[in-house]
Structure formats: C-alpha cells, structure tokens
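Rule-based calculations on the coordinates, nothing more; no lab input. The shown structure was predicted, so the numbers you read here are calculated from the model rather than taken from an experiment. Cβ placement follows ideal geometry from the backbone for every residue including glycine, while neighbour counts extend to all protein chains displayed.
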Amino acid sequence: MFPNPDAKPSPQVDELVHRLRHARSLFVLTGSGISSESGLPTFRGVGGLWRTHRVEELASPEGFARDPELVWTWYNERNAAHRKARPNAGHYALAQLEARSRDFTLATQNVDSLHLRAGSNNLLELHGSLRTARCTSCTQRRSLDSSGLPLDQIRHECGGLMRPDIVWFGEALPQDAWRRAADAAGRADVILVVGTSAVVYPAAALATHFAGGAYVAEINPEETAISDRVAYSWRARAAEALPALVAALET
Ligand code: OAD
C-alpha cells in the first residue's frame with residue numbers, strides 16, 4: 001500500500017487517513033510540485049529562471065508591457081510542455097478522492113490543466129489556465145492549441161494586446177473562483193496542501209487564515225512557509241503519497 005520509503009506508514013498517516021475517512025468536507029490546494037512528476041518544472045525549484053529571466057519578471061503586467069513577445073515566447077513554450085505532459089498518479093488520486101467524497105473542492109495554482117485532464121470536476125483554477133488568451137482591451141477570449149499564440153497575432157483586431165488568460169503577480173484572483181475556494185476552505189474538516197511552497201498569496205492563505213477548524217496536512221518533500229502551522233507535514237512526493245492515501249481509504 002505504501003510502495004516507497006518516502007511514503008511509509010506512520011501514526012500521523014494513520015490519523016490523516018482516519019480524518020479523511022470521516023471528513024464531511026474536504027478542501028485541497030495544489031501547486032506546481034504536484035506536476036513535477038509529470039516532468040514540469042516547479043517555480044522556485046532548481047534554476048527558477050527561464051533563459052536569463054526571473055519568472056516574476058515575465059509573469060507580471062510590467063513584464064508584459066515591456067516585452068509582450070518575450071512573455072508570449074515563454075508562455076508558448078510552457079503551453080507546449082503542458083500539452084505534452086501527462087497527469088501523474090497524484091493528479092489521478094485527487095480525482096479518485098473527489099469521486100468518493102461528499103463535498104470536495106480542489107483549488108490549484110497551476111495553469112497546466114493536468115487536474116482537468118485527470119478528471120477532477122469541482123476544480124478552481126485560481127491562477128487561470130493556458131487554454132485561452134484574452135484581449136487586454138476588449139477582454140475577448142480565444143482558445144489556444146498546443147502551438148500557443150503566434151507572435152504576429154499578439155495585436156488583437158480591436159487594437160488591444162492578447163495576453164495569457166492567467167493571473168500575474170500583483171493582480172487579483174478571479175473573484176468567483178476565490179470566493180468559492182475561501183468558502184470551501186472555511187467549511188472543510190480536512191485540508192490537504194500538496195506541492196506548493198505556500199509563499200504566494202492569497203492562495204497560501206486558504207490553508208491558514210481561511211481554514212475554519214480544519215485538520216490541515218501538507219504533502220511536500222521539503223519544508224514550506226506554512227510547515228509550522230499545519231497539523232502534519234508529510235515529507236513525501238505527491239505521486240506516491242496521494243495514491244497511498246486513496247488505497248488506504250479503500251481498505
Ligand atoms: P513553487 O516552485 O514555489 O513550489 C513548489 C513546491 O513543490 C516546493 O515546495 C517543492 O518542495 C514541492 N515539490 C517538488 N516536487 C514535489 C513532489 N513530487 N510532490 C510534492 N511536492 C513537490 O511553486 P508554487 O507553490 O506552485 O504563480 O508557486 C505558487 C505560484 O508562484 C505559482 O502558481 C505561480 C508562481 O509564481 C503565478 O504565476 C501567479
């Protein structure tokens with residue numbers, strides 16, 4: 001059931017399984033770490049740079065205003081990588097967890113669509129997705145395929161610029177997704193925080209400030225910004241720990 005030494009059973013895992021088994025409402029927050037075993041890089045992992053550019057420089061309104069072509073080149077590369085990647089056992093385990101839960105909400109900071117492709121339904125994409133681009137002026141959206149947005153089509157017919165349909169540093173989260181995520185965190189009995197360094201707000205606050213009386217557990221091989229505030233830090237990889245949890249719930 002726990003195939004990897006990283007994901008070995010312990011009294012705390014037993015308690016987490018017990019809590020999950022009896023939870024009326026479950027809220028899960030994920031970050032880029034859950035997709036690392038699908039071959040996608042995390043944000044603050046090794047390098048943390050694209051070519052010579054810091055991610056914060058590219059993923060911001062200022063970066064886009066400075067050099068829209070550079071920003072689109074980066075997103076087009078990421079978009080192509082997302083489409084080539086496959087959901088891993090961690091993504092599928094969350095879809096299975098949803099199927100056996102009465103009230104389940106998954107909020108992700110990822111824009112890679114892997115949760116959607118793994119079959120998660122009640123999914124809130126807090127930072128948007130790379131499935132669409134939208135005009136900075138008239139807000140019209142267009143779908144993106146695996147080739148992304150051709151650089152000669154950044155200028156929209158209305159005169160505005162097409163931008164990735166995602167949230168950048170310094171921008172507000174989509175209101176509806178945020179409200180639903182905050183409500184779900186507030187009513188949850190158990191919150192799982194998976195594969196995020198929990199340094200980017202407001203998403204990280206869902207597992208702390210917005211958590212009602214929930215038992216909060218994180219699944220992450222490394223310490224995070226909220227490790228000292230959660231009930232349990234399971235130092236394991238998502239693609240090992242999450243399927244192990246689902247298997248334990250099924251016995
Ligand atoms: P980070 O790169 O900050 O954190 C990734 C986390 O995943 C780290 O804590 C790793 O230890 C952990 N991790 C790595 N491999 C893992 C594995 N196999 N299983 C579980 N955990 C693993 O990425 P995020 O927290 O997602 O926002 O970053 C949050 C936001 O910052 C992103 O959504 C993005 C970024 O700037 C915007 O672009 C607005």
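What the table below lists for this structure:
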read-out: D152/A172 FRET efficiency (R0 22 Å; Cβ-Cβ; nearest 0.05); value: 0.10
read-out: Length-normalised contact order for the chain - Cα pairs under 8 Å, 6+ apart - percent; value: 27
read-out: Cα long-axis angle, helix 89-99 against the chain (0 to 90 degrees, to the nearest 10); value: 70
read-out: Calculated FRET value between E62 and H209, using beta carbons and R₀ = 25 Å, to 0.05; value: 0.35
read-out: DSSP-loop trypsin sites (Lys or Arg not before Pro) across region 96-183, with at most 10 other Cβ within 10 angstrom; value: R102
read-out: Cα gyration tensor shape of region 176-251, rounded if a/c is under 1.5, else prolate or oblate by comparing a/b with b/c; value: oblate
read-out: Equivalent ellipsoid semi-axes, the chain, via Cα gyration tensor eigenvalues times 5, rooted, Å; value: 33, 18, 16
read-out: Phi-based couplings in Hz for region 115-122 (Karplus 6.51, -1.76, 1.60; Gly and Pro marked x); value: 5, 4, 5, 7, x, 5, 9, 7
read-out: Charge dipole magnitude, Cβ of K and R +1, D and E -1 - the chain, Cα centre, debye nearest 20; value: 400
read-out: Built amide H within the under 5 Å cut-off of L161, gap 5+; value: T136, S137, H156
read-out: Principal-axis tilt of helix 11-22 within the chain, Cα atoms, nearest 10 degrees; value: 80
read-out: Angle in degrees between helix 238-250 and the longest Cα principal axis of the chain, rounded to the nearest 10; value: 40
read-out: Ratio of the Cα radius of gyration of region 77-122 to 2.2 N^0.38 Å, where N counts its residues; value: 1.19
read-out: With 10 Å bins from 0: P(r) over region 130-227, alpha-carbon pairs, percent; value: 14, 33, 25, 21, 7, 0
read-out: DSSP bridge pairs, the chain: antiparallel proportion in percent, nearest 5; value: 30
read-out: Rounded, prolate or oblate (a/c below 1.5 giving rounded, otherwise prolate when a/b exceeds b/c) for region 25-164 by Cα gyration tensor; value: prolate
